Amino acid sequence: MPSHGSTCSTRRVHCQGFLGGLFGRAGTTKQPQAPSLEDNLGVDVDELLLVETEQPDGSRAQILYRNGGPVVAADLEKLCIKASIELALGGWGVGWPARPLSKVEAALRNSYMVSSLVLRVSLPQRAGGGTAEPAGGEAGVAVSEQLIGLARATSDHAFNATIWDVLVDPEFQSQGLGKALVEQMVRSLLRRDISNITLFADSKVVDFYRQMGFEADPEGIKGMFWYPRF
């Protein structure tokens, strides 16, 4: 999406700058000690505007982080299939096995937290007020929303949480969105006083998570797995 400038809105969603100003440091200069996520938890919001671009015709594209809200299992599986195809064609990422929709629906329903990235495309308001303004009072009307990323967490609601199914549409990768998605979820968990946060990482993305403060085998602790023999 070509950018024609970005703005921060004062509506009901909370807006922050993107990339360099969003979750860390711009550039490659090493700091004595990298700031940790718990140093800047921010405010607890259900929707966060990450990126906004406007086209010459007045149409607007926004990428939103959402904490909670409905996610259609079929949309998630379409995204998983798209990521698997991209990987098979030599792209970067993690492959996803096909999963029964009934189980995906149960996994989403029983998760402690579901966070998503949504692409919202809006058309400009017609001359003479031909289109109604959406809730919040912004000009333009949302005409489509597309799921482009997701992460979910399970938890005991007190001490521990595990993050699963971290996924970003291949068309929107390498823009910092995966980092934004994971870090916002971690902040949301920390604000709920859940501080033991784990995840399972494919070998290709271990360094991606290390950059956000995750450690592999801390203090020699090993993950143990049991699989059925059939």
Task: Cβ charges +1 (Lys, Arg) and -1 (Asp, Glu), total dipole of the stretch 159-230, debye - done: 160
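When a/c reaches 1.5 or more, the comparison of a/b and b/c decides; with that in mind, is the stretch 180-223 rounded, prolate or oblate per its Cα gyration tensor? Each step should come with its number before you reach the end.
Details: a/c = 2.47, a/b = 1.34, b/c = 1.85.
It is oblate, given that a/c is not under 1.5 and a/b is not larger than b/c.
For T53, what charge total do you get from the other residues with a beta carbon under 13 Å from its beta carbon, if Lys and Arg give +1 and Asp and Glu give -1?
Working: positive: R60, R120; negative: E52, E54, D57.
Combined, the nearby Lys, Arg, Asp and Glu give -1.
Given the Cα-Cα distance of E47 and M224 and 0.36 nm per residue of separation, how much length would full extension add, in nm? List each step's numbers first, then the result.
Numbers: separation 177, 0.36 × 177 = 63.72 nm, distance 3.57 nm.
Going from the current span to full extension adds 60.2 nm.
Coordinate-derived values only; no laboratory data. Bear in mind that the values here come from a model prediction, so they are computed numbers and not experimental data. Using ideal geometry, Cβ is built from the backbone for each residue, glycine included, and neighbour counts are taken over all protein chains shown.
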